[in-house]
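Here is the structure we will look at, set down as structure tokens.
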There are 2 protein chains.
Amino acid sequence: MAAQKTVFIGIIGVGGVGKCFLSQLKGVTERLAKNPRNPALAVVFMSRSTTNIYSADYSPLSLDTSAETVAASKQDVLSTAKLIEYLAAAPGKAVVVDNTSAQDVAEQYPEFLAKGVSVVTPNKKAFSGSYALWEAIFGAAAKSGAKVYHESSVGAGLPVISTVKDLVETGDEVTKIEGVFSGTMSFLFNSFAPTEGEGGKWAAEVKKAKELGYTEPDPRDDLNGLDVARKLTILARLVGLKIESPTSFPVQSLIPKELESCSSGDEFMQRLPEFDSQMEEVKLAAQAQGKVVRFVGSIDVAKGEVKVGLEMFDKSHPIAALKGSDNIISFYTKRYSASPLIIQGSGAGGEVTAMGVVGDLLKVVAQL
Amino acid sequence: MAAQKTVFIGIIGVGGVGKCFLSQLKGVTERLAKNPRNPALAVVFMSRSTTNIYSADYSPLSLDTSAETVAASKQDVLSTAKLIEYLAAAPGKAVVVDNTSAQDVAEQYPEFLAKGVSVVTPNKKAFSGSYALWEAIFGAAAKSGAKVYHESSVGAGLPVISTVKDLVETGDEVTKIEGVFSGTMSFLFNSFAPTEGEGGKWAAEVKKAKELGYTEPDPRDDLNGLDVARKLTILARLVGLKIESPTSFPVQSLIPKELESCSSGDEFMQRLPEFDSQMEEVKLAAQAQGKVVRFVGSIDVAKGEVKVGLEMFDKSHPIAALKGSDNIISFYTKRYSASPLIIQGSGAGGEVTAMGVVGDLLKVVAQL
């Protein structure tokens, strides 16, 4: 039998999602160690925003290393270029796990991949930026044989990306994808326009969602629709549409025009109630038809159309019946033509996001 | 760059699901051929019930070979033992694809795996037979490094098995699995006890389902609940329960006691209307509580309890709201605690079953 294979792992970002990731990775490593046929996972690099630790001789770092320890590290900081060099020179295959949502790291993926370093990440930025970056990433991977997995970039740990890939790779024709892709928007509309009862006023619901931690620190980052547009960009590209960027198709922003110039999220939240009547009108228009309003994204593959915004649904429609902050994604395909293949569940949060990343890492490692 | 890798494939069963499989595989092979980094897939063996064709020198057979050509083959028939020998001696890694639902083939999986031949199959029998066979299969795979993938054994192409595996492997704790696991049962109860309207009489709905091809040729093979029990057995074992067999937990049969002795399916169908009042009572009891009745399977992991049978659900419950012949599977876990991770869609049919098999084959080939 061949000697046990070791795969070397660099982790960018060990707070937030990264913290959950490390904790899950520890369990995985212990399980893998039980069968010598499994590869050993050696984490050799960890970074936070401005600090890092790494082992010059590629011996594994402890998975108990805390984010605080990394933050307090005095070790020389590797630039991304140096990190690529370091991982590419490891005495075995290497994977970089990018737990950040940073644009600058995302832009370096083609360099990692060209040097044979696989990429695993929940970071949406790389896959929803310019189409040129998308092509550079997958072109570099096809050439070097390194892998790129990004399950958690849409719906966190829900099996969304893997399902699209399975459909496409086995030759199904995806005709339409539709769903609620934001936990924040889901929570807001399930409370604002429930299928039973009246629901609250719009601004009050946004305030409640913010207080419960369902929104970004500045809720405008959710209400502008860009997060949903990024996810739609990724899915549309996976089914073969050449989407130039997340701003190259219609995206309805729920930030009133008059509040676009607010200098702070606080000012925005203070003035939002002035516009309650606008949203109330939308709710009542739906009610008049026996429907409810939801913030959805959809991709019509044949027409090449992607759009994000408010739409009305019958109360019995699965999108209307969603609860809490759940996501729902429906795939209409040639094979799933009578009724769609539906995936539903929590689409945000550290643990489920990390789960998608760890699951991807296991799939990549099994192929190296 | 290393020379292109070839993976050798033997296919047991090229009619029905096997026919769809071959057609999908042809598309996949053409796509893979576009990048020399991808492995080449060489199908070297195909069989039907009593005939086979294979290439003695492991040169690839045409993927346009029809089921009829295989049926008309005069080539010497390889026993399963000979097939294992033949595939194990291929000049590269080998995979057997079992598109049958045969018990005797299933019982040979440990031998294939022990010889390093990976197994890909929609066949439920191996994974829902005795626990000893389950242990022999996964024990042999762990020892040799060969892979076993069986996505289509539950819910056809729906990502059910892969999701359970991802949850378990990344360290989540599955607490409960519940759902409608049979397209036949789904169709029957969605028509017999719809959320809106009255629905038909039981025997008439069974007759309709049979005429539309939603049941097995003998509907008793659906109504006895064993098909659902087999799927539950597989899922329960994947989350760690040692289920001895699909008959070692409570399974409610919808075959009236008085009709158990019917000598044929036709006699059964003729006499079934005599028992309409029994099922009508069940429907009315649910209606009296504002609910509907459904045929479901559930696994309570903490209690180690598996059961299959009739249960009542609120009309707004996702299980009640199911349409057509769709399956729905809900995973309640530590991470998905507020609301379950739900997968829904068509769970039967040649194309979607084959899709699960082809998807599995691609995942296995990527690891060889």
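Here are some notes:
- Taking the conditions (1) farther than 24 Å from A:GLY349 by Cα; (2) in contact (Cβ under 8 Å) with a residue 60 or more places away in the chain; (3) open to solvent by 30 Å² or more (accessible area, probe 1.4 Å); (4) within 23 Å of the chain's Cα centre (by Cα) in turn, A:ALA94 satisfies each one other than (3).
- Scanning the range B:156-170 for any residue that is of a type in the set (S, T, N, Q) and either within 19 Å of A:ARG37 (Cα to Cα) or out of contact with any Asp or Glu (no Cβ under 9 Å at 6 or more places or on another chain) (or both) turns up at least one such residue.
- Residue list for the range B:231-265, restricted to those being charged (D, E, K, R), touching a helix residue (DSSP H, G or I) at 6+ places or on another chain (Cβ under 7 Å) and part of a loop (DSSP other than H, G, I, E, B): B:LYS242, B:GLU244
- Of all residues in the range A:177-210, exactly one satisfies the criterion of being free of Cβ contacts under 8 Å to residues at least 12 places away in the same chain, farther than 13 Å from A:PRO273 by Cβ and among the small types (Gly, Ala, Ser), namely A:GLY197.
- Qualifying residue in the range B:136-150 (condition: among the hydroxyl-bearing types (Ser, Thr, Tyr), at negative phi, out of contact with any Lys or Arg (no Cβ under 8 Å at 6 or more places or on another chain) and open to solvent by 10 Å² or more (accessible area, probe 1.4 Å)): no
- Residue in the range B:302-322 that is nearest to A:GLU196 (Cα to Cα), counting only those that are more than 14 Å from chain A (Cβ to nearest Cβ) and among the small types (Gly, Ala, Ser): B:GLY309
- Of all residues making up the range B:134-190, the number that are of a type in the set (Phe, Trp, Tyr) and either more than 13 Å from chain A (Cβ to nearest Cβ) or touching a Phe, Trp or Tyr at 6+ places or on another chain (Cβ under 8 Å) (or both): 4
- Of all residues making up the range A:24-37, the number that are touching a residue at least 12 places away in the same chain (Cβ under 8 Å) and either within 9 Å of chain B (Cβ to nearest Cβ) or assigned to a helix (DSSP H, G or I) (or both): 6
- Scanning the range B:52-69 finds one or more residues that are part of a helix (DSSP H, G or I), open to solvent by 50 Å² or more (accessible area, probe 1.4 Å) and either more than 27 Å from B:ALA140 (Cα to Cα) or touching a strand residue (DSSP E or B) at 6+ places or on another chain (Cβ under 9 Å) (or both).
- Checking B:VAL117, B:VAL77 one by one, the residue that is away from every other protein chain (no Cβ under 14 Å), surrounded by 24 or more Cβ atoms within 10 Å (Cβ to Cβ) and out of contact with any Asp or Glu (no Cβ under 7 Å at 6 or more places or on another chain) is B:VAL117 and no other.
- Sole exception among (1) buried (at least 20 other Cβ atoms within 10 Å of the Cβ); (2) more than 14 Å from chain B (Cβ to nearest Cβ); (3) within 23 Å of B:ASP314 (Cβ to Cβ) for A:VAL292, by number: (2)
- Pair list, Cβ < 9 Å and 6+ apart or interchain, from the range A:335-354 residues that are facing another protein chain (nearest Cβ under 7 Å) to residues that are small (Gly, Ala, Ser) and part of a helix (DSSP H, G or I): A:SER346/A:GLY183; A:GLU351/A:SER23; A:VAL352/A:SER152
- Of the helices (runs of 4 or more DSSP H) lying entirely inside the range A:86-133, those containing at least 2 residues that are within 24 Å of A:THR247 (Cβ to Cβ), in contact with a helix residue (DSSP H, G or I) (Cβ under 9 Å, 6 or more places away or on another chain) and hydrophobic (A, V, I, L, M, F, W, C) are A:103-106, A:125-128.
The values are calculated or read from the model by the stated rules, or taken from the named source; none is laboratory data. Computed from a predicted model, the values in this text were never measured in an experiment. Here the Cβ is made from the backbone with ideal geometry for all residues, glycine too, and neighbour counts use every protein chain on show. Just so you know, the surface numbers come from the protein's heavy atoms only, side chains and all, with ligands and any DNA or RNA stripped out. Shrake-Rupley method; radii C 1.70, N 1.55, O 1.52, S 1.80 Å.
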